[in-house]
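Colleague: Dumping the structure here so I can ask a few things about it.
The values are calculated or read from the model by the stated rules, or taken from the named source; none is laboratory data. These figures come from a predicted structure and were not determined experimentally. Cβ sites come from the backbone with ideal geometry, for glycine too, and all protein chains shown count toward neighbours. Accessible surface is based on the protein model in full, side chains and every heavy atom, while ligands, DNA and RNA are left aside. Shrake-Rupley method; radii C 1.70, N 1.55, O 1.52, S 1.80 Å.
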Protein chains: 4
Amino acid sequence: MTEKRYNLVAGQSRARLAALSDGVFAVAMTLLVLDLHTPVATAVHGEHDLLAALGEIAPRLLIYLASFMTLGIFWVGQQTQLNMIERSTRDLTWIHLGFLAGVTLMPFSTALMAEFIHLRIALLIYWANILLLGLILFASWRGAVACDLLGDIEPGLIRAVERRIVVAQSLYAVGAALCVITPLLSLGVIVAIQLVYVIGPKTGPLSRI
Amino acid sequence: MTEKRYNLVAGQSRARLAALSDGVFAVAMTLLVLDLHTPVATAVHGEHDLLAALGEIAPRLLIYLASFMTLGIFWVGQQTQLNMIERSTRDLTWIHLGFLAGVTLMPFSTALMAEFIHLRIALLIYWANILLLGLILFASWRGAVACDLLGDIEPGLIRAVERRIVVAQSLYAVGAALCVITPLLSLGVIVAIQLVYVIGPKTGPLSRI
Amino acid sequence: MTEKRYNLVAGQSRARLAALSDGVFAVAMTLLVLDLHTPVATAVHGEHDLLAALGEIAPRLLIYLASFMTLGIFWVGQQTQLNMIERSTRDLTWIHLGFLAGVTLMPFSTALMAEFIHLRIALLIYWANILLLGLILFASWRGAVACDLLGDIEPGLIRAVERRIVVAQSLYAVGAALCVITPLLSLGVIVAIQLVYVIGPKTGPLSRI
Amino acid sequence: MTEKRYNLVAGQSRARLAALSDGVFAVAMTLLVLDLHTPVATAVHGEHDLLAALGEIAPRLLIYLASFMTLGIFWVGQQTQLNMIERSTRDLTWIHLGFLAGVTLMPFSTALMAEFIHLRIALLIYWANILLLGLILFASWRGAVACDLLGDIEPGLIRAVERRIVVAQSLYAVGAALCVITPLLSLGVIVAIQLVYVIGPKTGPLSRI
């Protein structure tokens with residue numbers, strides 16, 4: 001009985017959950033770039049060599065930027081949910097800790113992708129990381145709705161948040177499936193989908209997704 | 001006398017203690033994953049090689065997730081305490097700085113465990129890290145109660161927090177003792193105990209611990 | 001329609017954007033110093049050797065301090081803007097996420113500069129990073145003004161913020177152009193300009209810039 | 001004129017300065033431990049080997065804990081000052097950014113000390129880092145007093161803060177001077193002085209310092 005009492009008071013601070021989340025995202029976003037090693041000095045004998053070496057790094061830089069964008073999308077997504085939640089509970093806190101575990105895996109998935117950009121396994125793990133983040137955010141939202149943790153929110157908005165996650169993840173899954181052709185195509189499609197979400201076009205056919 | 005005056009005003013910000021704690025936890029949680037190195041590119045010649053290489057990394061991933069869970073448990077525990085404390089003092093601040101020092105050691109203990117999973121010393125150091133965190137949280141709570149830093153809290157809740165730490169640490173100690181059989185069994189039992197705390201079952205025999 | 005609704009509520013927390021920014025700046029500022037490797041122990045046989053080895057590291061230390069100063073300037077700049085913005089929007093949040101991506105690139109640009117201090121490409125990339133940060137801050141300000149996100153601010157102050165960025169970036173561009181002579185001169189001039197901004201002289205000719 | 005106006009509104013957020021500081025301290029505190037490498041797996045063939053390898057790491061662990069304590073002392077010191085300051089200014093913000101630059105150097109000074117514990121240069125650089133932090137905090141306090149940034153604070157407390165820094169730094173300087181005998185003695189004395197400040201004895205002769 002005393003134990004149940006403990007669980008009733010544990011993990012209720014939405015503010016600290018947000019602070020921990022911002023910290024984890026900040027570290028993960030900055031660690032991504034650690035994968036961008038400077039060219040080895042002994043192999044560079046002039047401007048031309050350095051330019052060539054940087055050209056070799058360029059694909060990694062693009063993958064890094066794609067992952068930064070992914071983390072940005074999920075940071076905005078989590079923030080939007082937490083803003084609408086009036087109070088947290090122990091269970092919701094643990095769902096979000098699981099979400100943050102997924103965030104910390106992103107630098108690893110990204111490095112794997114950058115190293116083995118031509119292999120399907122690398123692409124699928126990268127996509128699995130994105131799927132994991134989406135699934136946990138979906139669970140978090142469903143849990144918050146079920147436990148009545150939201151404030152006065154119109155039902156249309158509740159459905160909009162759900163629909164958003166489902167549509168985005170379906171598109172990512174289609175993108176990932178394209179790796180049967182080539183992993184690079186998959187990555188390109190996933191990045192293109194993300195760009196649409198980042199830009200958030202207000203008119204035209206893309207404003208519907 | 002001027003000095004005593006200094007100590008009366010030093011280290012009293014509960015908000016900044018929480019912010020520093022969230023920062024340290026965020027960095028420690030994300031650094032854990034730095035131990036997950038991507039396979040060496042030159043040793044991987046195709047999908048099959050990468051899958052095999054990732055299979056070798058898998059145990060590390062599990063240990064990393066276990067450590068993330070450990071840090072999550074102690075983050076929730078510390079947060080719950082700090083939420084109930086009305087004001088901080090210089091002494092309480094230093095107890096929590098000691099706690100944070102224990103948190104920063106976790107990536108090291110985890111890496112040691114991942115590298116030497118078959119050795120008892122590695123398991124015992126991992127457990128000692130968990131024990132240290134529990135002991136300091138216990139001292140923090142006792143100190144807060146003794147110095148009357150809590151607000152209006154019912155005595156039952158005070159005892160519930162203490163009991164929680166004592167029971168959990170006793171179970172971890174039993175788990176650690178099982179390393180006389182094999183370190184892997186110890187780790188499995190400790191992780192299982194933690195999972196129970198994370199899930200926090202509301203009914204059944206496990207709801208009592 | 002539900003989707004538009006989602007975008008209306010997404011990314012509106014100015015507080016969390018500030019918290020994420022502080023986190024990214026904190027990590028980037030501290031990662032800079034990771035480039036300062038301690039001398040190799042086996043090559044150091046006494047006080048004299050260590051002093052010589054540290055002498056070789058000294059230029060890196062200076063470049064590190066210059067980059068720390070750069071990040072400090074942009075942190076103050078972003079903070080000043082966010083303080084004057086009354087509310088955030090999804091679009092403004094994404095502009096600032098782009099800004100933060102530029103911040104996370106700074107440790108890479110700095111390491112490149114430290115490694116290839118005699119090469120123009122390294123200097124130009126370092127400068128491009130500074131330019132990128134300035135351009136995004138300029139876009140963020142223009143966007144905030146256009147979307148009426150500022151509170152009651154006098155028009156003179158709006159122009160002062162714009163002018164500040166344009167003047168500073170023009171001076172940096174002049175500094176960067178000096179790399180046709182030598183990259184070291186460029187770096188020296190850019191650092192000198194930054195020092196003027198940091199010191200912020202209240203009288204004399206430099207108080208005008 | 002517009003420029004002066006800009007400087008009047010720049011860098012005034014005490015809350016964001018505190019948040020950035022907590023972030024930098026959190027990262028620096030956690031990076032310290034990165035210097036604790038796990039023993040090389042190929043050199044360890046059993047429990048005994050691992051114990052011996054950990055024994056070799058032990059001195060590094062102690063130096064790491066000493067540096068964590070140093071950072072803790074300066075974190076409490078800075079926090080205490082910021083709590084007493086009612087508002088920040090551009091100039092004060094830059095003094096504290098200088099302070100944070102000193103904080104980010106701590107992992108480097110610590111690694112140097114751990115690697116070359118028998119060399120005076122390493123000890124003197126370690127001490128210079130501590131001195132730098134103390135000098136900047138002293139300048140920050142003097143500046144805050146001179147610019148009337150403090151709230152209603154009794155003059156005795158203003159002097160207590162100053163005296164605290166001067167006494168502590170004098171003791172550290174004496175400790176550093178002992179490196180003419182041996183660097184290890186210096187380190188021991190400095191750590192002992194810090195321990196007195198951490199424990200903050202309330203009675204006895206040490207309660208006076």
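Colleague: Determine the distance separating the Cα centre of region A:63-116 from the Cα centre of region D:44-111; give it in Å without decimals.
Modeller: Each part reduced to its Cα centre gives a spacing of 28 Å.
Colleague: Let me check something: with ligands and nucleic acids excluded, how do C:CYS179, D:CYS147 order by accessible area (1.4 Å probe), largest to smallest?
Modeller: Output order, biggest surface exposure first: D:CYS147, C:CYS179.
Colleague: Please say if the protein assembly as shown is rounded, prolate or oblate, where rounded means a/c under 1.5 for a ≥ b ≥ c the square roots of the C-alpha gyration tensor eigenvalues, and otherwise the choice is prolate for a/b larger than b/c and oblate otherwise?
Modeller: Here the protein assembly as shown falls in the rounded category.
Colleague: Here's another thing I want to ask about it. Using a 1.4 Å probe on the protein chains only, how many percent of the accessible area of the protein assembly as shown belongs to carbon and sulfur?
Modeller: Working: 22730 of 33360 Å².
After summing per-atom areas, the C and S share lands at 68 percent.
Colleague: In nm, what does the list of distances from C:LYS202 to its counterparts in the other copies look like, shortest first, when each label sits 7 Å along Cα to Cβ?
Modeller: Result for C:LYS202, in nm, nearest copy first: 4.4, 4.4, 6.2.
Colleague: Less than 11 Å Cβ to Cβ from A:GLU115, Lys/Arg counted +1 and Asp/Glu -1: what total charge do the surrounding residues give?
Modeller: Values: positive: A:ARG60; negative: A:ASP35.
Local net charge: 0.
Colleague: Around A:PRO59, under 13 Å between beta carbons, what's the net of Lys plus Arg minus Asp minus Glu among the other residues?
Modeller: Result for the neighbourhood of A:PRO59: -2.
Colleague: What are the membrane-span-like helices in chain A by this rule: whole DSSP H runs, Cα extent along the axis at least 18 Å, mean Kyte-Doolittle hydropathy at least -0.5?
Modeller: Once both thresholds are applied, what remains is A:14-32, A:47-84, A:90-115, A:120-146, A:155-177, A:183-199.
Colleague: Within 10 Å of each Cβ in A:113-123, how many Cβ atoms from other chains are there, averaged over the peptide? Could you put the intermediate results ahead of the total?
Modeller: Details: counts 1, 2, 6, 9, 0, 2, 8, 3, 9, 6, 0.
For peptide A:113-123, the averaged partner shielding equals 4.
Colleague: Quick one: grab the alpha carbon gyration tensor of region A:100-209, order the square roots of its eigenvalues as a ≥ b ≥ c, and give me rounded if a/c is under 1.5, else prolate or oblate depending on whether a/b is larger than b/c.
Modeller: oblate
Colleague: State in Å² the accessible area per residue of region C:44-201; use a 1.4 Å probe, count heavy atoms of protein chains only, and round to the nearest integer.
Modeller: Averaged over the residues of region C:44-201, the accessible area is 38 Å².
Colleague: Peptide C:101-112: average number of partner chain Cβ atoms within 10 Å per residue?
Modeller: Shielding by partners across C:101-112 averages 5.
Colleague: Find every distance from the label point of A:LEU34 to the corresponding label point in the other copies (7 Å from Cα along Cα→Cβ) and write them in nm, one decimal, shortest first.
Modeller: Label point to label point, same position, other copies: 0.4, 0.4, 0.5 nm.
Colleague: Post the alpha-carbon centroid distance, region C:120-179 to region B:141-167, in whole angstrom.
Modeller: Comparing the Cα centres of region C:120-179 and region B:141-167, I get a distance of 53 Å.
Colleague: Please label the shape of region A:55-108 as rounded, prolate or oblate, based on the square roots a ≥ b ≥ c of the eigenvalues of the alpha-carbon gyration tensor (a/c under 1.5 means rounded; beyond that, a/b larger than b/c means prolate, else oblate).
Modeller: Details: a/c = 7.85, a/b = 2.41, b/c = 3.26.
Oblate, because a/c is 1.5 or more while a/b does not exceed b/c.
Colleague: A further question on this structure: Given a 1.4 Å probe and no ligands, DNA or RNA in the count, how much accessible surface is buried by C and A, both sides, to the nearest 100 Å²?
Modeller: Heavy-atom accessible area buried at this interface is about 3900 Å².
Colleague: Something else now. Over region D:73-209, what relative contact order in percent results from Cα pairs under 8 Å that are six or more residues apart?
Modeller: It rounds to 29 percent for region D:73-209.
Colleague: Averaged over its residues, how many other protein chain Cβ atoms are within 10 Å of peptide D:51-63's Cβ atoms?
Modeller: 1
Colleague: Leaving ligands, DNA and RNA out of it, work out the accessible area of B:ARG60 with a 1.4 Å probe and give it in Å² to the nearest 10.
Modeller: It works out to around 60 Å².
Colleague: At B:ALA146, with labels set 7 Å past Cα in the Cβ direction, how many nm apart are the copies from this one, shortest first?
Modeller: 4.4, 4.4, 6.3
Colleague: Just from its helices, what would the mean residue ellipticity at 222 nm be for the protein assembly as shown, if runs of 4 or more DSSP H residues each count -39500 (n - 2.57) and the sum is divided by every residue, rounded to the nearest 500 deg cm²/dmol? Spell out each step's value before the answer.
Modeller: Values: 28 runs with 632 residues, N = 836.
Result for the protein assembly as shown, helices only: -26500 deg cm²/dmol.
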